[in-house]
Amino acid sequence: MKTLIAVLTVLSVIIAFWYAACLPMNIKGVLTEAERAGAEVTPVGAKERRDLGEIGLVLGNSFAVPATWAQDRPRLPAPHQVAQELWKTTGAMVLKGKMMSKRSLFYHGWVTLSATLLGFAIGTGLGILLAVGIVHSKVMEMSVMPWAIVSQTIPIIALAPMIIVVLYSIGVQGIIPKAVISAYLSFFPVVVGMVKGLRSPDGMQLDLLRTYNASTNQGFWKLRLPASMPYLFASLKIGIAASLVGAIVGELPTGAVAGLGARLLGGSYYGQTVQIWSALFAAAILAACLVALLGLIERMVLRRMGMGA
Amino acid sequence: MNIETTTQADVTKAVVEARNLDLVFPTSDGSVQALKDVNLTINKGDFVSFIGPSGCGKTTFLRVMAALEQPTGGEITVNGMTPDEARRQRAYGYVFQASGLYPWRNIARNIKLPLEIMGYSKAEQEKRVNEVLELVELSGFGGKYPWQLSGGMQQRASIARALAFDADILLMDEPFGALDEIVRDHLNEQLLKLWARTNKTIGFVTHSIPEAVYLSTKIVVMSPRPGRITDVIESPLPSERPLDIRDSPEFIEVAHRVREGLRAGHSDD
C-alpha cells in the first residue's frame, strides 16, 4: 500500500510537471491564435511577443491557460491529449472492429513488433553463438570481441540508412533490413552477458569436472550453460528494448508507411505533435510489455530450474 | 601374530608414492616453493590427514595427487600410474571446502552429475544415488534443492556425490572447515563409519589437530616456506573410535606430538 502511494505520488508529480511545462511551451502559439480570433492579448502583436519570456506571457494572459492544453498542434501536447489520441488509435478502433486499419496503432505496432521479434531472435542467437566461441577460444575472443565493441560505438542512426541501401541493392527489403538493424543492436548485450555467464562457474567447479574427467562439451551443457541462465535473462531484457529501438530506427530512413517509426516520421512531417507523442508512448508501452514478458519467462524458467526464490 | 602380519602385508599396497616431489609456482614477485622434497607413501585403505598452517602445501599436495597441479620435480605415482592417467581412469572422488552443489539441480540430480558424465545407465544412477544417500544419512532428501539444506547436509551431499562412482581414493580438502564444531564432530564420526564401510583410501586436509588425530591412521605434519613434510605419525589408536576416545591418554599423546611437529615447523619464522 505504501509503495502504491509512493508510485502514484511520483506519477502525479511527473504529470503535474508535464501540464505546467505545456504553459510556457504553448503560450505563444495560443496567444497568436487568440489574437486572430479577436481576444485582447498583452502585449499586442506576435512580433512584440516574440522576444518576451514565456513565463511572463503566461502570467500576463492567464485567460489563455486552458487553451495551452487544448491546441490542435501544440509544441508540447498535454497528457490528456496524448491519452485521447492513444485511445482513438487503439481501443476506439478495436470497438469499431477496425483493429488492423492503417490508422490503428495496433497495426503499426505489429509491423514494428514483428521486425523487433525477428531481429531479437537473430541477435540473441548470434550473441549466444559468439559468446560460446569467445569463451572456448582465446583467438576468437581476441579477434571478435574488439569488433563487437567497436560495432556499438557507431551511432545506429548513421549506420541504418547504409544497411538498408546495401541490402536493397542485393534485393533484400521489407522486414529483413529492419530486423538486421534490430539484431545489430541486440546481439551485443547478449554477447557480454553470456560471456560473463558462461564464465561464472568458479575454479572449484571446473576442478570438480576435471576430477570426473568430463569433456569440454559436458562441461558446457551441464555446468556453463545452466550457470549462465540468470545472466542471459538480464541481457535479454536489455536486448529486447534495443531491438525495438533498432526496428523503429530502421523505419525512419526508408520513409516507411507502416510501423511506429513511420508514425513518428509522418507526425513530424505534418507537425502532428500529438501523433508523435502517442507513437512514442505506444513504443514505450510495447517495450515495457516485452520486458515484463521476459521477466515472467525468466521467473518461470529459473523456478523450474530450482533457482527461483 | 606372525600370520596376521603376512596377511596384512598382502593387503597393504601402496596407492600413492611420492618421491622427492617439488612444486614451484611462478608468481609476479618471484617464485614460490609450494612443495619441497616431499616423500610419502599412502597405502590402500589408509586414512591420511595433512595438517599444517596456511601455505604449507597440504592442499597443493592433494591437488598434485588429483592431477589438478603439475609437479615441477620428483615423481609421484597413483595406483602405479601418473596422477593424470589415474584421473582419466576416474580414480578420485574430490570433496572441496565448499559443497559446490549446482543450485539448479536437486540433491539426487547433483549426485547423478558424475554418473551422467561417466555414462552410467539410468537404472544404475538411481540405484547408486539411493545407496550413497543412505550412506551419508540423507535418505529422503534427494528431491530437495541445495538451498533447502543446512551447510552440514550440503557437505554430506557433496561427499555422497564423490562416493557415487567407483573411485577408490577420496580426497577431501578441508571439507568441514566452514562448519561449526558440533556439526563437525558429528560428521567426523560419520566419516569414520563411512570409511570403515567403503574401505576407501582417504586423503584429508585439515587445520584442526583433534580432527586429524581422531580420523587418521596416518598424520602428515607439514610446514610452510618452503612447503615440506616435518613429521609422519602412524596413529596407535584402534580403528574403532567413539568420540570420547579424544579424552584418552593415547589420543592426547598423539595430539601433543602433532602440536610439537607444527611448532618445530614454525621455529624458523
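Past the 27 Å Cα-Cα mark, which pairs from B:58/B:193; A:222/B:193; B:36/B:218? Each step should come with its number before you reach the end.
Numbers: B:58/B:193 24 Å; A:222/B:193 32 Å; B:36/B:218 20 Å.
Checking Cα-Cα distances, A:222/B:193 exceed 27 Å.
Given charges of +1 on the Cβ of Lys and Arg and -1 on the Cβ of Asp and Glu, with all other atoms neutral, how large is the dipole of the protein assembly as shown about its Cα centre, in debye to the nearest 20? Display every interim value, and only then the final one.
Numbers: 55 positive and 49 negative charges, 591 e Å.
Using only the charged Cβ atoms, the result is roughly 2840 debye.
Compute accessible area for segment A:188-214 by itself and then with all protein chains, 1.4 Å probe, and report residues whose area falls by 20 Å² or more.
Residues of segment A:188-214 that lose at least 20 Å² of accessible area once the other chains are added: A:204, A:205, A:207, A:208, A:209, A:210, A:211, A:212, A:213.
Would you please state the base-10 log of I(q)/I(0) at q = 0.08, 0.12 1/Å for the protein assembly as shown, with intensities from the Debye formula using one equal scatterer on every alpha carbon?
Log10 I(q)/I(0), no solvent term: -0.75, -1.16.
Could you work out, residue by residue across B:90-103, how many beta carbons of other chains sit within 10 Å of that residue's beta carbon, and then give the average as an integer? All intermediate terms of the calculation are to be shown ahead of the outcome.
On the way: counts 3, 2, 4, 2, 6, 2, 6, 1, 3, 1, 6, 0, 9, 7.
Average neighbour count from other chains, rounded to a whole number: 4.
Apply the Karplus parameterisation 6.51 cos²θ - 1.76 cosθ + 1.60, with θ equal to phi minus 60°, to every residue of segment A:157-173 and state each ³J(HN,Hα) to the nearest whole Hz, in sequence, with x for glycine and proline.
5, 7, 8, 4, x, 5, 4, 5, 5, 4, 5, 4, 5, 9, x, 9, 8
Within 10 Å of each Cβ in B:105-118, how many Cβ atoms from other chains are there, averaged over the peptide?
Details: counts 5, 1, 0, 0, 1, 0, 0, 0, 7, 6, 1, 5, 8, 4.
Per residue, the number of nearby Cβ atoms from other chains is 3 on average.
Using the charge dipole of the protein assembly as shown (Lys, Arg: +1 at Cβ; Asp, Glu: -1 at Cβ; taken about the Cα centre), state which of A:129, A:139, A:285 has its Cα farthest towards the positive end.
A:285
Would you rank B:263, B:105 by solvent-accessible area, highest first, keeping every protein chain in place and using a 1.4 Å probe? Numbers along the way, then the final one.
On the way: B:263 140, B:105 10 Å².
Order by accessible area, largest first: B:263, B:105.
In square angstrom, what is the accessible area per residue of chain A with a 1.4 angstrom probe?
On the way: 16480 Å² over 309 residues.
Value for chain A: 53 Å² per residue.
Amide H neighbours of residue B:50 under 5 Å, counting only residues 5+ apart in sequence or on other chains, H built in-plane at 1.01 Å?
When sequence neighbours closer than 5 places are left aside, the close amide H contacts are B:204, B:205, B:206, B:220.
Taking the Cα centre of chain A as origin and charging only Cβ (+1 Lys, Arg; -1 Asp, Glu), how large is the dipole, in debye to the nearest 20? Let's see the in-between values first.
Details: 25 positive and 13 negative charges, 154 e Å.
The calculation lands at about 740 debye.
List the residues whose amide H sits under 5 Å from the amide H of residue B:231, counting only those 5 or more places along or on another chain, with H placed 1.01 Å from N in the peptide plane.
B:221
Which of the peptides B:28-35, A:235-242 is most tightly packed, and how do the rest follow, judged by the mean count of other Cβ atoms within 10 Å per residue? Show your work: numbers first, answer last.
Working: B:28-35: 14.0, A:235-242: 23.8.
Put in order of decreasing packing, that is A:235-242, B:28-35.
Projecting each Cα onto the charge dipole of segment A:2-76 (Lys/Arg +1, Asp/Glu -1 at the beta carbon, about the Cα centre), which of A:16, A:44, A:55 comes out farthest on the positive side?
A:16
What does the accessible area of residue A:145 come to, in Å² to the nearest 10, when a probe of 1.4 Å is used?
Looks like 40 Å² after rounding.
Restricting to DSSP loop positions (anything but H, G, I, E, B) with no more than 15 other Cβ atoms inside 10 Å of their own Cβ, which trypsin sites (Lys or Arg not before Pro) remain in segment A:1-70?
Numbers: sites: A:2, A:28, A:36, A:47, A:49, A:50; in loops: A:50.
Counting only loop positions with at most 15 other Cβ atoms within 10 Å, the trypsin sites (Lys or Arg not before Pro) in segment A:1-70 are A:50.
Based on the alpha-carbon set only, what is the convex hull volume of segment B:66-177 divided per residue, in Å³? Write down the numbers at each step before the final one.
Numbers: hull volume 11.9 nm³, N = 112.
Roughly 106 Å³ of hull volume per residue.
With no solvent and one point on each alpha carbon, what is the Debye value of log10 I(q)/I(0) for segment B:102-166 at q = 0.16, 0.19, 0.27, 0.29 Å⁻¹?
Debye intensities relative to I(0), on a log10 scale: -0.42, -0.59, -1.20, -1.36.
Under a cut-off of 16 Å between alpha-carbon atoms, report the lysines in cross-link reach of residue A:196, not counting same-chain residues fewer than 8 places apart.
A:138, A:237
Taking chain B as the reference, fit the longest principal axis to its C-alpha atoms, fit the long axis of helix B:181-198 to the helix C-alpha atoms, and give the angle between the two in degrees, 0 to 90, nearest 10.
Compared with the principal axis, the helix lies near 80 degrees.
For peptide B:59-67, compute the average count of partner chain beta-carbon atoms within 10 Å of each residue's beta-carbon. Walk me through the numbers on the way to the answer.
Values: counts 0, 0, 0, 0, 1, 0, 0, 3, 3.
Rounded to a whole number, the mean comes out at 1.
Treating chain A as a set of equal point scatterers at the Cα positions, no solvent, please give the Debye-formula log₁₀ I(q)/I(0) at q = 0.08, 0.10, 0.11, 0.12 Å⁻¹.
Computed log10 I(q)/I(0) values: -0.53, -0.76, -0.86, -0.96.
Rounded, prolate or oblate, given the Cα gyration tensor of segment A:2-76, with a/c below 1.5 counting as rounded?
On the way: a/c = 3.24, a/b = 2.64, b/c = 1.23.
Prolate, because a/c is 1.5 or more and a/b exceeds b/c.
Within segment B:166-269, which GluC sites (Glu not before Pro) sit in a loop by DSSP and count at most 13 neighbouring Cβ atoms inside 10 Å? All intermediate terms of the calculation are to be shown ahead of the outcome.
Values: sites: B:181, B:189, B:211, B:234, B:240, B:250, B:253, B:260; in loops: B:240.
Hits after loop and neighbour filter: B:240.
Please list, short to long, the whole-number percent of alpha-carbon pairs of chain B in consecutive 5 angstrom bins beginning at zero.
Taking every Cα pair in chain B, the percentages come to 1, 6, 12, 16, 18, 17, 14, 9, 5, 2, 0, 0.
What ³J(HN,Hα) values, in whole Hz, does the Karplus curve 6.51 cos²θ - 1.76 cosθ + 1.60 give for segment A:113-129 when θ = phi - 60°, with x put for Gly and Pro?
4, 5, 5, 4, 5, 4, x, 5, 5, 4, x, 5, x, 4, x, 5, 4
With +1 on each Lys and Arg Cβ and -1 on each Asp and Glu Cβ, how big is the dipole of segment A:26-73 about its Cα centre, in debye rounded to the nearest 20? Intermediate values should be presented prior to the final figure.
Numbers: 6 positive and 7 negative charges, 23 e Å.
Around 100 debye, computed over segment A:26-73.
What are the ³J(HN,Hα) couplings of segment A:258-266, residue after residue, when phi is run through the Karplus curve with 6.51, -1.76, 1.60 and θ = phi - 60°? Round to Hz, x for glycine and proline.
Working through the residues one at a time gives 10, x, 5, x, 5, 4, 4, 5, x Hz.
Over segment A:177-309, what is the relative contact order in whole percent, taking alpha-carbon pairs under 8 Å and six or more residues apart?
Computed over segment A:177-309, the figure is 28 percent.
The values are calculated or read from the model by the stated rules, or taken from the named source; none is laboratory data. These figures come from a predicted structure and were not determined experimentally. All Cβ positions, glycine included, derive from the backbone under ideal geometry; neighbour counts span all protein chains shown. Ligands, DNA and RNA are excluded from the accessible area calculation, which covers all protein heavy atoms including side chains. Shrake-Rupley method; radii C 1.70, N 1.55, O 1.52, S 1.80 Å.
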